[in-house]
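Q: The structure is given below, and queries will be raised subsequently.
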Amino acid sequence: MARQEIILLFWDCPECGHAHIPGPTQRCPNCFWWRDRETNFYEAPDSRVLSPEELEQFQGPDWICKVCGAANPERGEPVANLLCGNCQQWQTNSLDLGDAAPDDLAAGIAVAKKHGEWQDGFHLPPETAANSKRQPSRAKADCRKYGWFALIGLVAFGAVGVGWGLLVPRIIEAEVIARNWTVSIEIQELRPVREGGWSLPTGAYNVTSSQRQSGTREVQTGTQTQQVEVAYEEQVGTQEECTTVSRGDGTGERSCTDVPVYATRYRTETKEVPVYRTEPVYDTWYDYTIDAWQRLQVAVASGTDDQPRRPPAVSRGNSPYPQQTLAPVETCQVGVRYQRRQQVETQTWTLPCDQYDQLATGQAATFKRHLGQTALQSTE
Ligand SMILES: [Zn+2]
Ligand SMILES: [Zn+2]
């Protein structure tokens, strides 16, 4: 419901700071300053509704003195009769003020509501108050949630700490105490093997097939009724919202409307949901023979220090199957000795062979260890 009423406004004296002067009062009771067009009217908790008798004395916005700027109450007089209460000047005198009516104090401007105690007339029906008590366990749940976050955070922090040791490169000065190399060659043979799968590769022979379960699928067998909670908004009351505009004479026009207030409610609805059954899915499985390259043996040659790295001699045996040899693989390792936390450590590291070749046994060198890999930084 819309409601309109004329209420009393107030103003604060900008000259001396005296507060809460009733709007229609033209002069500050403390310093006698006359309010002017800069005066800010406001609504306060004691902005009462004016009676029809009181309203009769207001005939429009105040007029502003052409000479001193003071706001004078409007009495419905013609301009020739207007005499400023502050400076005692007629508004149409010999000072070239002209016959035009003076300006009015601005009206229709929204005013502020001062002091926090001012309240809208908002009243909730009792059932809404009961409704709002329905979420007591929320705080506790939040507490538990943050507890978990804290724990996960700690575990993650610990994991990062452990991982850090591996991720950060380490520079180690060490003495080379041994050097070893190997060259290995893998020999392969094309032999028939028995394999199986859901599809048949090219080159397969001696094929047998059978039906086997390859997985499952969901088949709808019907529906069933289920109870579900459905949320909806219900109006549980109204809230009065008011705005006030200045009338330019120390009073204000307050317009209030009732706006609806809603609450979330729940109702139970019945819903049809599908029901599924799990069924096996069958497919064709193949067992077959296929010729595939397989490791027969690995021939290894090894040596130390600067002995020339040569691949091992490969002897092809007396085999009915075709054979092939893979490219030789060189592996170079150094045995090292270094100081770590007042202790002598000895380790064996694998190095790229071109770096191995730059070293000599008994030599000191700087190595970089990172993610389990070793690289030669410099020799001394
Ligand atoms: Zn004052
Ligand atoms: Zn004046």
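The values are calculated or read from the model by the stated rules, or taken from the named source; none is laboratory data. For clarity, every value in this text was computed on a predicted model and none was experimentally measured. Here the Cβ is made from the backbone with ideal geometry for all residues, glycine too, and neighbour counts use every protein chain on show.
Q: Taking the condition in contact with a strand residue (DSSP E or B) (Cβ under 9 Å, 6 or more places away or on another chain), surrounded by fewer than 17 Cβ atoms within 10 Å (Cβ to Cβ) and among the acidic types (Asp, Glu), does residue 62 pass?
A: Details: in contact with a strand residue (DSSP E or B) (Cβ under 9 Å, 6 or more places away or on another chain): yes; surrounded by fewer than 17 Cβ atoms within 10 Å (Cβ to Cβ): no; among the acidic types (Asp, Glu): yes.
No, not satisfied.
Q: List the number of the failed condition for residue 34; all other conditions in (1) within 16 Å of ligand 2 (Cβ to nearest atom); (2) in contact with a Gly (Cβ under 6 Å, 6 or more places away or on another chain) hold.
A: (2)
Q: Ok, one more. Kindly check whether there is at least one residue in the stretch 307-327 that is of a type outside the set (Val, Ile, Thr), touching a Pro at 6+ places or on another chain (Cβ under 7 Å) and more than 30 Å from residue 74 (Cβ to Cβ).
A: Within the stretch 307-327, the first condition is being of a type outside the set (Val, Ile, Thr), and the residues that meet it are 307-313, 315-324, 326-327.
Next, only the ones that are touching a Pro at 6+ places or on another chain (Cβ under 7 Å) stay: 311.
With the extra rule that they be more than 30 Å from residue 74 (Cβ to Cβ), the set shrinks to 311.
Yes, there is a match, as at least one residue in the stretch 307-327 is of a type outside the set (Val, Ile, Thr), touching a Pro at 6+ places or on another chain (Cβ under 7 Å) and more than 30 Å from residue 74 (Cβ to Cβ).
Q: Could you tell me which of the residues 25, 92 is part of a loop (DSSP other than H, G, I, E, B), within 16 Å of ligand 2 (Cβ to nearest atom) and of a type in the set (Ser, Thr, Tyr)? Quick ask: steps written out before the conclusion?
A: Details: 25 fails: within 16 Å of ligand 2 (Cβ to nearest atom).
Testing whether each residue is part of a loop (DSSP other than H, G, I, E, B), within 16 Å of ligand 2 (Cβ to nearest atom) and of a type in the set (Ser, Thr, Tyr) leaves just 92.
Q: Hey, any hits in the stretch 340-356 for a residue that's farther than 30 Å from residue 204 by Cα, assigned to a strand (DSSP E or B), of a type in the set (A, V, I, L, M, F, W, C) and in contact (Cβ under 8 Å) with a residue 12 or more places away in the chain?
A: Our first condition is that a residue be farther than 30 Å from residue 204 by Cα; within the stretch 340-356, this holds for 340-356.
Going one step further and asking which of them are assigned to a strand (DSSP E or B), we end up with 340, 343-351.
Subsequent filtering for residues that are of a type in the set (A, V, I, L, M, F, W, C) retains 344, 349, 351.
Remaining after also requiring in contact (Cβ under 8 Å) with a residue 12 or more places away in the chain: 349, 351.
Among the residues of the stretch 340-356, at least one is farther than 30 Å from residue 204 by Cα, assigned to a strand (DSSP E or B), of a type in the set (A, V, I, L, M, F, W, C) and in contact (Cβ under 8 Å) with a residue 12 or more places away in the chain, which makes the answer yes.
Q: Tell me, which residue of the stretch 71-80 that is under 16 Å from residue 107 (Cα atoms) and out of contact with any Gly (no Cβ under 6 Å at 6 or more places or on another chain) is farthest from ligand 1 (Cβ to nearest atom)?
A: Step one: list which residues in the stretch 71-80 are under 16 Å from residue 107 (Cα atoms), which gives 71-74.
Add one more test, that the residue is out of contact with any Gly (no Cβ under 6 Å at 6 or more places or on another chain), and what stays is 71, 73.
Numbers: 71: 14, 73: 19 Å.
Once the filter is applied, the top-ranked residue is 73.
Q: Please give the number of the condition residue 31 fails out of (1) surrounded by 12 or more Cβ atoms within 10 Å (Cβ to Cβ); (2) within 13 Å of ligand 1 (Cβ to nearest atom); (3) over 14 Å from residue 105 (Cα atoms).
A: (1)
Q: Pairs please, first residue from the stretch 47-69 and closer than 18 Å to residue 34 by Cβ and free of Cβ contacts under 8 Å to residues at least 60 places away in the same chain, second anywhere and basic (Lys, Arg) and in a loop (DSSP other than H, G, I, E, B), Cβ atoms under 9 Å, 6+ apart in sequence or on different chains.
A: Sorted first by the residue in the stretch 47-69, then by its partner, the pairs are 64/37; 69/37.
Q: Hey, can you tell me all the residues within the stretch 53-81 that are within 16 Å of ligand 2 (Cβ to nearest atom) and charged (D, E, K, R)?
A: 62, 66, 74, 75, 77
Q: Also, quick follow-up: Among 254, 265, which is over 30 Å from residue 114 (Cα atoms), surrounded by 11 or more Cβ atoms within 10 Å (Cβ to Cβ) and not assigned by TED's automatic domain parsing to the domain that holds residue 6? Spell out the reasoning first.
A: On the way: 254 fails: over 30 Å from residue 114 (Cα atoms).
After applying the criteria, what remains is 265.
Q: Turning to a different aspect of this structure: Checking the condition touching a strand residue (DSSP E or B) at 6+ places or on another chain (Cβ under 8 Å), assigned to a loop (DSSP other than H, G, I, E, B), hydrophobic (A, V, I, L, M, F, W, C) and assigned by TED's automatic domain parsing to the domain that holds residue 177, which residue from 299, 313 passes? Break it down into steps so the answer makes sense when it comes.
A: Details: 299 fails: assigned to a loop (DSSP other than H, G, I, E, B).
Criteria check complete, one pass: 313.
Q: Could you look through the stretch 226-241, keep only residues that are more than 25 Å from residue 253 (Cα to Cα) and among the charged types (D, E, K, R), and pick out the one that is surrounded by the most Cβ atoms within 10 Å (Cβ to Cβ)? So that I can check it myself, show each step before the final result.
A: Initially, the stretch 226-241 is screened for residues more than 25 Å from residue 253 (Cα to Cα), giving 226-237.
From what's left, among the charged types (D, E, K, R): 229, 233-234.
Working: 229: 8, 233: 10, 234: 12.
Restricting to residues being more than 25 Å from residue 253 (Cα to Cα) and among the charged types (D, E, K, R), the top hit is 234.
Q: Suppose the filter is more than 30 Å from residue 106 (Cα to Cα) and outside any strand (DSSP E or B); does residue 277 pass it?
A: Working: more than 30 Å from residue 106 (Cα to Cα): yes; outside any strand (DSSP E or B): no.
It is false that residue 277 is more than 30 Å from residue 106 (Cα to Cα) and outside any strand (DSSP E or B).
Q: Which condition breaks for residue 142 when tested against (1) of a type outside the set (A, V, I, L, M); (2) surrounded by 12 or more Cβ atoms within 10 Å (Cβ to Cβ); (3) modelled with pLDDT under 65; (4) part of a helix (DSSP H, G or I)?
A: In the conditions (1) of a type outside the set (A, V, I, L, M); (2) surrounded by 12 or more Cβ atoms within 10 Å (Cβ to Cβ); (3) modelled with pLDDT under 65; (4) part of a helix (DSSP H, G or I), residue 142 misses (2) alone.
Q: Would you please name the residue that is nearest to ligand 2 (Cβ to nearest atom), looking only at residues in the stretch 37-52 that are surrounded by 15 or more Cβ atoms within 10 Å (Cβ to Cβ) and outside any loop (DSSP other than H, G, I, E, B)?
A: 42
Q: Within the stretch 169-216, which residues are assigned to a loop (DSSP other than H, G, I, E, B) and touching a residue at least 24 places away in the same chain (Cβ under 8 Å)? Full working, then the answer.
A: From the stretch 169-216, those assigned to a loop (DSSP other than H, G, I, E, B) are 169, 198-204; that's our starting set.
The answer is 169, 198, 199, 200, 201, 203, 204.
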